[in-house]
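**Student:** Below is one structure. I have some questions about it.
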Amino acid sequence: MIQERINELTSGILKIENGKIHVMGFKNEKLLLSHLDNGTKNWSSIGLYDLQKVNFQDIKNDALVLVIENDEIVGKYQYTSIYKDVIKYENDEGKNASMVFTIRRSKYSEHFQFVSEKITETFENKESIINFTKNRFGINLEF
C-alpha cells in the first residue's frame with residue numbers, strides 16, 4: 001500500500017520514526033522545499049504506514065522524494081526523462097516486436113533507468129544502461 005502511495009506522489013517526504021513511515025505529499029518540489037526550509041505546513045496529504053521496504057524506481061518524472069531518519073536526509077530520489085524512442089527487436093519467440101521506452105537520469109546519483117511498459121530497471125551508470133540495450137535489444141544508444 002505504501003509503495004502505491006509513493007508512486008503517486010508529485011513530491012514527498014518519508015520520515016522513518018519508531019517503526020513507522022510518516023509520508024507527507026506535496027503538490028510540487030517548491031512546496032516541499034518551503035516546508036523543509038521554513039516549517040510551512042503546506043503538504044497536500046499525510047499518511048502513516050508500518051515500516052517496510054520500498055523502492056523508488058517507479059516515482060513520477062521530476063518528483064522529489066526525500067527519506068529522513070533521525071532528523072537527517074538519508075535518501076534523495078528524483079528522476080528526469082532525458083531520452084525517449086521506440087525499439088524494434090526480435091522477442092524470445094523470434095518474432096518482430098517493438099516498444100516505446102524512456103531513459104531517466106537521477107538528479108542525485110549517477111543512476112539511469114530504462115522504463116517501458118514491460119521493463120523498469122535501474123543502472124549504476126550510463127555505460128551500464130548502454131550495455132543493457134545493446135545486449136538485450138541489439139541497439140546502440142546515444143544520448
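**Student:** List every residue pair whose Cβ atoms sit under 8 Å apart, with the two residues 6 or more apart in sequence or on different chains, where the first one lies in the range 104-119 and is in the same structural domain as ILE87 (by TED's automatic domain parsing) and under 16 Å from PHE132 (Cβ atoms) and the second, anywhere, is among the basic types (Lys, Arg) and buried (at least 18 other Cβ atoms within 10 Å of the Cβ).
**Tutor:** Hits for this filter: HIS111/ARG105; PHE112/ARG104; PHE112/ARG105; GLN113/ARG104; GLN113/ARG105; VAL115/ARG104.
**Student:** Can you pull out the residues in the range 30-55 that are among the polar types (S, T, N, Q) and either assigned to a strand (DSSP E or B) or within 19 Å of the chain's Cα centre (by Cα) (or both)?
**Tutor:** Within the range 30-55, SER45, GLN52, ASN55 qualify.
**Student:** Counting only residues that are under 29 Å from PHE114 (Cβ atoms) and not aromatic (Phe, Trp, Tyr), which one in the range 17-29 is farthest from the chain's Cα centre (by Cα)?
**Tutor:** My answer is ILE21.
**Student:** Sticking with this structure for a sec: If I filter the range 114-143 down to residues being under 14 Å from the mean Cα position of the chain (by Cα) and of a type in the set (S, T, N, Q), which single residue comes out as surrounded by the fewest Cβ atoms within 10 Å (Cβ to Cβ)?
**Tutor:** By that ranking, first place goes to SER116.
**Student:** Would the range 37-52 turn up any residue that is touching a helix residue (DSSP H, G or I) at 6+ places or on another chain (Cβ under 6 Å), among the aromatic types (Phe, Trp, Tyr) and more than 17 Å from PHE137 (Cβ to Cβ)?
**Tutor:** The answer is yes; a qualifying residue exists.
**Student:** Can you confirm whether the range 84-100 contains a residue that is under 22 Å from GLU8 (Cα atoms), outside the structural domain of GLY19 (by TED's automatic domain parsing) and either surrounded by 12 or more Cβ atoms within 10 Å (Cβ to Cβ) or modelled with pLDDT of 95 or more (or both)?
**Tutor:** Checked the range 84-100: at least one residue is under 22 Å from GLU8 (Cα atoms), outside the structural domain of GLY19 (by TED's automatic domain parsing) and either surrounded by 12 or more Cβ atoms within 10 Å (Cβ to Cβ) or modelled with pLDDT of 95 or more (or both).
**Student:** Do you know which of the residues in the range 120-143 that are of a type in the set (A, V, I, L, M) and without any contact (Cβ under 8 Å) to a residue 40 or more places away in the chain is farthest from PHE56 (Cα to Cα)?
**Tutor:** Restricting to residues being of a type in the set (A, V, I, L, M) and without any contact (Cβ under 8 Å) to a residue 40 or more places away in the chain, the top hit is ILE130.
The values are calculated or read from the model by the stated rules, or taken from the named source; none is laboratory data. These numbers come from a predicted model, not from an experiment. No Cβ is skipped: glycine too gets one built from the backbone with ideal geometry, and neighbour counts run over all protein chains shown.
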